Every structure is written in structure tokens, then in C-alpha cells.
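Down below is the structure, laid out as C-alpha cells.
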Amino acid sequence: MTIATQEQTVVDAVPKALYIAGEWRDAAAGGTLTVEDPATGEALCEVADAQPDDAKAALAAAHETQASWAAAAPRDRGEVLRRAFEELTERADELALLMTLEMGKPVAESKAEIVYAAEFFRWFSEEAVRIEGRYSISANGQGRVLTMKQPVGPSLLITPWNFPMAMGTRKIGPAVAAGCTMVWKPAKQTPLCALALADILERAGLPGGVLNLITSSSSGSVMEPLIRDPRARKLSFTGSTEVGRMLIEQSAEQILKVSMELGGNAPFLIFEDADLDAAVEGALLAKMRNIGEACTSANRFHVADAVAAPFAEKLAERMGALKVGRGTEDDVRVGPLIDEGAREKVHELVQDALGKGATAIVGGEAANGRGYFYKPTVLGDVSPDARVLKEEIFGPVAPVTSFESEEDAIRAANDTEYGLVAYVFTSNLERAFRVVEGLETGMVGLNQGMVSNAGAPFGGVKQSGFGREGGHEGIEEYLETKYVAMNL
Ligand code: NAP
């Protein structure tokens, strides 16, 4: 099979319709939206473009199915996830190609995301049978306190394009395990991974109406009526802080239970006692995973004065050597950004930093040719007022600044409205704990450049959001606690 045929085959295998109440159906108004390959700017295919009426049908299905799904045996709910985990794992190569075609990241990284995404299903298949309440004796000795956990109810899930499969499974896994039904709206740029996942869940035995998937080019107008509808009980959103803030306001009307996984501005701290080579490896991972388009991407490097220059040089050497190209090609490490708007924003931040005195040690410009490529870039001597240190870059750009003392490093790290993740490289144990305790973030990578792990509570503080996904905490987001008071 030629490469082009192989690509066409994986795209053709995906259903292109909305999935509502266990049926694949066209959008009521018949519209479609175009899915594009960001490496070429060319259309891959058309998928159904949901309108508000389709969204309402999806919520109606979720609402009607809620009681029966909540009553399904936890083991049965878990087994659906387990079977879906197995199919995701078996089909990882084909699904990785699909992901690369619509999102752009290199196939090896797409495959790593499929594995990560599948892990949420495995993890929550195991959590489904471990939902527990408690029984205790009141302080007065007379009363008894009984608590039980129950599914929160129909849940609205909204996910971004940057991890099109894992951001879905991270919400669907715990919702299925807890006994919640769902309406899922993925990002318009990456509907194919979502459609493939719904197809897998259907074949894994998920009853119709539990997961309802609507792909749409008009996210605001399809989701707002659902968020304001009393039949919805929960909103779980992953995306930008700007949109998250607006959705929190909308969800106030029905007092929804809300989880928000929002933007980041991760500081990466390197102390003079760090293993510099390990720090460079960690930096490459934290900066270049997902082409820098991750909420967890290292956004700014704060390096001890004594090692700032050698660190920047080593990082520039490694970043400059990474092959840029279409994610389907051999050895490519840096794919295209998601669209022209994203590329323009990245270049604007670089230009602003250069205008304020920074130097481009490597890169600093868009790559030639079609597709939305940007050259891996390391900026030295970045001024503290440069926008690149304050705004989420979402691209392959590493600004490096230096600090004099541990206190300065912590102050600089916390000087942001975001608080998702920070990275710390030091070989001094006492310092490691002092710094970790001083950081205002939900997660810390200590001497490592990646924190993502299905078995760990992922999430942020400050304007990076609230709620946790993954780990034991992940299922709590889809459960309510009911307390029963008794006197004996
Ligand atoms: P975004 O613009 O906020 O979009 C995220 C999702 O929200 C998409 O599905 C989008 O749909 C939808 N959306 C946009 N406007 C909406 C509205 N008015 N009502 C309802 N839904 C709406 O973010 P993005 O650019 O796709 O993703 C990048 C952002 O996600 C970054 O800030 C990144 O840090 C964050 N992120 C956070 C985490 C985390 O766990 N904390 C993980 C990954 C990404 P359409 O695109 O189809 O309009």
C-alpha cells in the first residue's frame, strides 16, 4: 500500500457523523465541517457539523440514559473501558497516523499519546469497582454517619485539539466508571480522533446514549444552551483560560459541578547544582513534546547565573538539530503548528522579545514552504518585561533568563496568574523540597521534564483551573457524596 493510500484508508475508516443515542446520524441541518492537515493546509475530509438542535438531542439522550447507566454494575462499566483500552492498544499504529494527519505531531508522539490515552481507560476500569462510602459513629455515640457516592449525572465534556485523544479519555474514563452519561464536544480541528474513539467505545459495548458526540464548527452556540439546561449536571472543560472563564460564568446559572483544566505558563528552574545534561534532556522534553503545544510545555527557563550561558548553548544545539517536517516523515521531531493564527502568535512573541533586547541563539522565524511550521527557537538574554515570559507560547520557543538566588528563582516562577506545572532541576535534596513547597502550581516535575501519568492527579491552581484528572482524584469529579444520618 502506498503512503497516500494508507493515509486515505485510516481517514476513510472513521465515521463522519454525529453519534447520538447510539446512532450515527448526519447533522439535522445537513452541514459539514472540513478537517485539514496542518502540514499541508489541504482538506482531509468532511465531518458532520452539529447545530444547537443536534446538541439538544445529544443532551436529551444523555438525560434519558442516565438512570439506567447509573444502575449498571460497576464491573460491567469497567469492562467496557477495559475492552476499549485493548482496542486502542491494538490499533495504536493506525490511530497514531490518524492523529498526525489532523493534528500534526510526529507519528511517534501520536503513538505515545494513544498509549497515554488508553491508560486512562485501563486506570478507570480498575477504579469503577472501587467506589466507596463510609460508616462511622457520631461523636455523641448515638448517631451513625453513612456516606455513599453516586454519579453526578449528565456531564458536558469540552476538549482541545492539542491532545485530541487523551483529553477525551481523561474525562470519558472516569465518567463511564462513575456511571455518568455524557455529551462530548471535541475541538473543530481534531474531530477524527474523537469519532474514532466513540466508534471504539460503541464496539466495546458502551450502551447507546451514554456517550453522545457532537462535532461542530460553532462551539459557543451549540454548548451554551446545554450549559444553561437544567438536565446537565456537570461541565468538564480543557482549554484556554479565556474560554474557561466564560464557561464558568455560564455554568453558574445551573450551579453545575465544574472542572477546569486551563492554560499554563510553566517555569523551568535550573540551579547551579543541577546535572546540566539531565536538565537539557528534561528541557527538550518539557519544551518540544507536542511541538510546544501543551499546557504543560516549559514556557520559560530560569537558570542560575553560573550555568545560564552553557545551558542555553546546549539547548540551542539540540533544538537546532531537530528535524522539522510533516509528522508522517521519518525522523521528523517537530511538526507544524495547528494553524496560521497559532504561527503568527508565536512569531509575534519572538519579535516582541527580540525588540526588547533578546538574542535568537537559534531559530527565530517561520519555516519556508506550505504548512504552519516554525523553527525551534532559543532566545537568550530575555528581558523580564518580554511578553514571551508572561503569555502561553504554544510553540517551539524557549526563552532563557537567569537568576541570582533561590528566592529570586521562586519569586520569578510564581510571577504569573497561571499555576499548572513547574519543573525544578537540582541535586540538593533540601533545596528541592524548599523550592517545591514554595511553588504556586498544581504539579511539579522534579528533575524530570514530564508529569503526565494516568495514575496521578493532573491539574492546576490559580488561573490554570480547578479539579483533577487521573489518579484516585479523577473519579471524584464525577461523583457526589450523599450523607445519611441515623440514630440507633
Ligand atoms: P480553546 O480555544 O479554549 O478551545 C478549547 C475547546 O473549547 C475547544 O473544543 C473549543 O472548540 C471550545 N470552545 C471555544 N470557545 C467556546 C465557547 N464559547 N463555548 C464552548 N466551547 C468553546 O483552547 P485551544 O486553543 O483549543 O487549546 C489550547 C488551550 O488548552 C491552551 O490554553 C492549553 O494550555 C489548554 N490546555 C489545558 C490543558 C490542561 O489540562 N490544563 C490540557 C490541554 C490544553 P472549537 O475549537 O471547536 O471552537
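The values are calculated or read from the model by the stated rules, or taken from the named source; none is laboratory data. Values in this document were obtained by computation on a predicted structure and should not be read as measured data. Here the Cβ positions follow ideal geometry from the backbone for every residue, glycine too, while neighbour counts run over all protein chains shown.
Matching residues to (1) free of Cβ contacts under 8 Å to residues at least 24 places away in the same chain; (2) under 30 Å from ALA366 (Cα atoms); (3) touching an Asp or Glu at 6+ places or on another chain (Cβ under 6 Å); (4) within 16 Å of the ligand (Cβ to nearest atom):
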| position | (1), (2), (3), (4) |
| --- | --- |
| ALA409 | no, no, no, no |
| ALA413 | no, yes, no, no |
| ARG434 | no, no, no, no |
| GLY438 | no, no, no, no |
| VAL444 | yes, no, no, yes |
| GLN448 | no, yes, no, no |
| VAL451 | no, yes, no, yes |
| GLU473 | yes, no, no, yes |
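Meeting the requirement of 3 or more residues that are modelled with pLDDT under 95, small (Gly, Ala, Ser) and more than 30 Å from ARG134 (Cβ to Cβ), no strands (runs of 3 or more DSSP E) wholly within region 413-488 can be named. With respect to (1) away from the ligand (no atom under 16 Å from the Cβ); (2) crowded, with 22+ Cβ neighbours inside 10 Å; (3) under 22 Å from the mean Cα position of the chain (by Cα); (4) not acidic (Asp, Glu), the lone exception for ARG170 is condition (1).
I need the full set of residues from region 415-432 which are away from the ligand (no atom under 16 Å from the Cβ) and within 23 Å of the chain's Cα centre (by Cα), in order please.
Filtering region 415-432 for residues away from the ligand (no atom under 16 Å from the Cβ) gives 415, 424-432.
Residue satisfying the conditions is VAL424 alone.
Residues of region 22-37 that are surrounded by fewer than 18 Cβ atoms within 10 Å (Cβ to Cβ) and part of a loop (DSSP other than H, G, I, E, B): GLY22, ASP26, ALA28, ALA29, GLY30, GLY31.
Taking the stated definitions as given, is GLY459 under 21 Å from LEU247 (Cβ atoms), touching a residue at least 24 places away in the same chain (Cβ under 8 Å) and in contact with a strand residue (DSSP E or B) (Cβ under 7 Å, 6 or more places away or on another chain)? Write out each step before concluding.
Working: under 21 Å from LEU247 (Cβ atoms): yes; touching a residue at least 24 places away in the same chain (Cβ under 8 Å): yes; in contact with a strand residue (DSSP E or B) (Cβ under 7 Å, 6 or more places away or on another chain): yes.
In short, yes.
Screening CYS295 on (1) more than 15 Å from the chain's Cα centre (by Cα); (2) near the ligand (Cβ under 8 Å from one of its atoms); (3) in a loop (DSSP other than H, G, I, E, B) shows it passes everything except condition (1). Selection of region 137-156 for residues being part of a strand (DSSP E or B) and within 20 Å of HIS472 (Cβ to Cβ) yields THR147, MET148, LYS149, GLN150, PRO151, SER155. Given the condition at pLDDT 95 or above, among the acidic types (Asp, Glu) and more than 19 Å from the chain's Cα centre (by Cα), answer yes or no: does some residue in region 254-266 qualify? No, there is no match, as no residue in region 254-266 is at pLDDT 95 or above, among the acidic types (Asp, Glu) and more than 19 Å from the chain's Cα centre (by Cα).
Here's the yes/no breakdown for (1) farther than 26 Å from TRP161 by Cβ; (2) modelled with pLDDT of 95 or more; (3) in a helix (DSSP H, G or I):
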position: ASP277; (1), (2), (3): yes, yes, yes
position: VAL307; (1), (2), (3): yes, yes, yes
position: PHE311; (1), (2), (3): yes, yes, yes
position: LYS314; (1), (2), (3): yes, yes, yes
position: GLU317; (1), (2), (3): yes, yes, yes
position: ARG326; (1), (2), (3): no, yes, no
position: ILE361; (1), (2), (3): yes, yes, no
